[in-house]
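Data block below; observations after.
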Amino acid sequence: MQESGPSLIARSEWSWTKPVDENSSKASGWPTLKPKRPLVINLASAEEQAKLSAGRLQQKILDACQEFFVKSSGSDRDESDDEDEDDLMDEDRSDKSEVFKFFLKVFTENSELRSYYEKYSADGEFCCLVCGGIGKKVWKRFKDCHGLLQHSTGILKTKKKRAHRAFGQVVCKVLGWDIDCLPMIVLKDFSK
């Protein structure tokens with residue numbers, strides 16, 4: 001093959017200079033890097049680890065609650081907002097309620113969850129398993145069982161009033177509280 005025009009490659013030699021000592025910070029103009037000390041990792045305390053573990057456990061329980069409410073949504077009749085609260089409480093007191101049985105089973109089968117509620121009732125982090133189960137206000141957290149029980153027994157704008165009341169009753173049963181004397185018990189319990 002013959003070249004038909006001028007060559008695109010330069011025929012001159014590359015100039016080469018002697019490499020500069022890379023260890024010299026003066027030569028590069030950059031300061032010398034000093035190795036940093038390794039980062040100190042703060043481990044969570046036993047109490048924090050228990051709360052994290054309970055949070056993960058509550059998330060698993062929320063999944064079971066969602067499954068329960070999806071299965072039972074076809075069989076449950078919708079609760080109207082104009083029902084008398086006393087009627088709801090009287091009707092829920094029967095231990096024959098499917099929702100009550102479900103929540104009682106949840107706490108009976110999960111000793112870790114039950115012991116968390118017992119140990120951290122005054123200063124734990126709790127979520128409403130009913131709200132989470134039906135997919136409403138999943139992010140809603142309560143700083144103690146008192147707030148959780150006030151929510152479950154006093155919520156008005158929901159289609160799952162009975163489920164909330166049943167959940168509150170089971171929590172009271174787990175903690176050994178009488179739901180009728182709730183404010184007095186809670187004040188006595190938290191004043192320790």
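Read-outs throughout are calculated quantities, based only on the coordinates presented, and are distinct from any laboratory measurement. From a predicted model like this one, the values you see are computed outputs, not experimental measurements. For neighbour counting, all protein chains shown are included, and Cβ atoms are generated from backbone atoms with ideal geometry for every residue, glycine included.
Assorted remarks:
- Summing +1 for each Lys or Arg and -1 for each Asp or Glu among the other residues whose beta-carbon sits under 13 angstrom from that of residue 47 gives -1.
- Note on residue 138 and residue 42: their simple-model spin labels are 3.0 nm apart, each label 7 Å out from Cα toward Cβ.
- P(r) tail, the stretch 97-160: Cα-Cα pairs separated by more than 13 Å, 67% of all pairs.
- Structure note, pairs 119/159; 60/119; 71/161; 119/157; 60/160; 51/71: Cα-Cα distances above 27 angstrom occur for 119/159; 119/157; 51/71.
- Here the Karplus relation 6.51 cos²θ - 1.76 cosθ + 1.60, evaluated at θ = phi - 60°, turns the backbone of the stretch 108-113 into coupling constants of 6, 7, 10, 5, 5, 5 Hz, with x for every Gly and Pro.
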